[in-house]
Structures are given as structure tokens and as C-alpha cells.
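For reference, the structure is listed below as C-alpha cells.
The values are calculated or read from the model by the stated rules, or taken from the named source; none is laboratory data. Every value quoted in this text rests on a predicted model; they were computed, and no experiment measured them. Here Cβ is always computed from backbone atoms with ideal geometry, including for glycine, and neighbour counts include all displayed protein chains.
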């Protein structure tokens with residue numbers, strides 16, 4: 001601590017070592033004193049540039065389309081097709097609730113073709129009595145919030161998985177076993193596009209009464225879109241939300 005104070009005082013106008021100041025020396029002094037001085041810890045930026053680019057692209061698509069609106073809320077991209085605000089307006093416009101898309105593993109690059117397909121699905125949902133919510137940098141708090149939100153009807157997760165059924169967030173940390181605890185009353189389906197996701201029920205507590213769709217072996221986003229665009233997936237079959 002004394003070394004750090006001495007260095008700071010020396011840098012003041014007229015200080016004996018001001019003329020010989022070396023930035024590397026100052027950084028070294030800070031590092032040496034970090035263990036003894038309470039320092040604020042700055043986390044790495046959570047949102048990669050690609051996430052902002054995706055949000056901008058989705059909004060431009062919606063403006064060109066003119067049939068729905070795409071809003072942003074932090075990392076969330078929200079497809080809305082109705083009017084008004086507030087809970088009563090929500091329940092009238094989105095009687096089937098939310099379909100939440102959580103994407104993990106986004107890097108600095110993003111594929112326009114892939115997000116064109118996400119846009120098409122989000123648009124269809126917004127025009128069909130759902131609200132579509134997408135988050136391209138999903139973390140545990142995002143999944144836990146979606147699970148517990150009473151508006152959530154379906155959760156679609158896309159990311160990396162392991163052979164034992166584990167899956168990983170956007171920072172490639174393994175998700176905790178209790179991530180699906182305390183589900184909202186309207187949650188009806190979990191769709192997990194991760195490698196070996198068919199093994200997830202062996203590792204995670206899937207809520208009773210919630211349908212689970214996963215894949216055996218390795219998988220890719222094409223498999224997810226083939227399922228979502230097939231007649232096999234019909235989220236309306238779960239009926240309207242109840243509150």
C-alpha cells in the first residue's frame with residue numbers, strides 16, 4: 001500500500017518522479033496492491049457486437065415488412081403483432097402467451113440465413129396469438145426467468161450440449177440441475193436443440209406436465225428449424241394461457 005501511495009504522490013505536479021513516469025510501472029503497482037486494497041471488479045461485456053447487429057437486422061426486417069413490430073429490451077428481441085400495453089392488453093392480444101427463444105454460444109459472427117428463419121418463425125407467432133421473445137446471448141438468469149414467468153408457453157433453447165445431457169450457457173458454463181424449478185403455470189413445452197439433449201431428463205428435473213423435445217446424438221440448427229416448421233410442432237394445441 002505504501003508503494004502505491006508513494007507512486008501516486010510522486011506523480012503529482014512537482015513530484016520527484018513525474019518526469020520519469022512509466023505506465024507499465026503504474027500498472028504493476030496496482031496489481032501488486034490488488035490483494036490488499038478493495039478494488040471494483042469490472043466484468044467482461046456481456047453482449048457481443050453480433051447481438052446488436054442481430055437486433056438491428058430484425059427491426060429493419062419488421063419495418064420493411066410492415067405487418068409486425070420488433071422491439072428490443074436489453075438483449076431481448078420481442079416480436080409483437082398487437083396493440084396496447086399492460087396486462088389486459090397483453091392477455092387479449094397474446095392469448096397463447098410467450099414462446100421464448102434462448103440462444104447460447106453466439107460469437108462475433110452471425111449467419112443471416114439462420115436469423116431470417118428465426119424472423120419468419122417470430123413473425124408467424126406474433127400473427128398467431130403469441131408473443132415471440134428471443135435472446136441471442138442466453139445466460140442462466142434468462143432461462144430461469146423464462147421458466148418461472150407465467151406468460152411463457154414454450155421455451156426453445158439452442159446451444160451446446162454434452163453426452164451426459166448437460167447443456168451450457170453463452171459463456172460455456174454448465175447449467176445447474178435446478179434450472180427448471182418453480183415453473184410458471186402456463187409452461188407446456190421445452191425444446192432443446194443441443195447435442196445429446198435427449199439425455200437431459202436424466203440430469204435435469206423436467207417439470208411434471210411439461211413436454212420435452214430433444215435430440216439423440218449430435219444436432220444442428222437445421223434440425224431445430226425442420227422441427228419448428230413441421231406439422232409436428234403446434235404450440236396452439238396447448239390452448240390459451242390461464243391467469
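The single condition among (1) part of a loop (DSSP other than H, G, I, E, B); (2) surrounded by fewer than 15 Cβ atoms within 10 Å (Cβ to Cβ) that residue 141 does not satisfy is (1).
Out of 13, 40, one residue alone is farther than 23 Å from residue 229 by Cα, modelled with pLDDT under 90, assigned to a loop (DSSP other than H, G, I, E, B) and under 32 Å from the mean Cα position of the chain (by Cα). It is 40.
Residues in segment 222-243 that are under 25 Å from residue 94 (Cβ atoms) and not in a loop (DSSP other than H, G, I, E, B): 224, 225, 227, 228, 235, 236, 237, 238.
Consider segment 170-221. How many of its residues are in contact with a helix residue (DSSP H, G or I) (Cβ under 9 Å, 6 or more places away or on another chain), more than 19 Å from residue 99 (Cα to Cα) and outside any loop (DSSP other than H, G, I, E, B)? Residues that pass the stated criteria total 0.
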